[in-house]
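Input: a single structure, listed below in structure tokens.
The values are calculated or read from the model by the stated rules, or taken from the named source; none is laboratory data. Only a predicted model underlies this, so the values are computations on that prediction, with no experimental measurement involved. For the accessible areas, the whole protein counts, side chains as well, though only heavy atoms, and no ligand, DNA or RNA atoms are used. Shrake-Rupley method; radii C 1.70, N 1.55, O 1.52, S 1.80 Å.
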Amino acid sequence: TLSLHDALPIFASESLWQTAEIRNTKPNWSSFSTGGLISSTDAAQLQKFQREPLATQGNVICEDAPAYTQAFMSVLAKVTNKEATKYVLTTLDEVCKENREVAQLFGALAGTELDAVDVVSQLISRDDDILVARGCNVMVHMFNAGLAASAATTTKLMDYVRVEVQREGKHKAFVYLSILALLQGLLRSHERRVAFVEAKGLDKIGRAHV
């Protein structure tokens, strides 16, 4: 069965996702280290990672998971530079599609200041279609890998979905589909499904697309 998340590439062209363009950018990791945003160790790991062929980057993350998971989440949590944020989210989305083990590795950060679900959830309210869509996709990968959101983050994400699907014209179609994929991931829990129905979430989605 094709899930909503797996179907996303069917509905969005490569020109919208800008995958190749973003994955081939070279954010200045050293400058973020010099500015005290990330450690020099994180910067070195990211520079090393970028030298790897795109096809093997997922395996590279698996081989040194503690270092890479921390480096990626440090960037997303502490660096506001849009190019760097797009690079990390796009890379994580793509490598998680290619290697399902990658998302599981971020479970080691659960409950820390770099909790992956909490960190990524902070980014989807940014005013940029790529950041919203990639952020939603990355969280879907994490939910599929068994990572859990805290109660506070779950509530925030459910509210986010209910609001965003009603904002007609704000996002391109592929972004709405990513948001709905996030909803699908959130509703895996019976308690969340009940809460969503009681909050008339289905009615709101229906009204948004009539």
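Quick one: which of Lys26/Lys97; Lys86/Lys172; Lys48/Lys172; Lys26/Lys156 span more than 27 angstrom between C-alpha atoms?
On the way: Lys26/Lys97 22 Å; Lys86/Lys172 17 Å; Lys48/Lys172 34 Å; Lys26/Lys156 33 Å.
Long pairs (Cα-Cα over 27 Å): Lys48/Lys172; Lys26/Lys156.
When nucleic acids and ligands are ignored and a 1.4 Å probe is applied, Lys26 ends up with an accessible area of around 130 Å².
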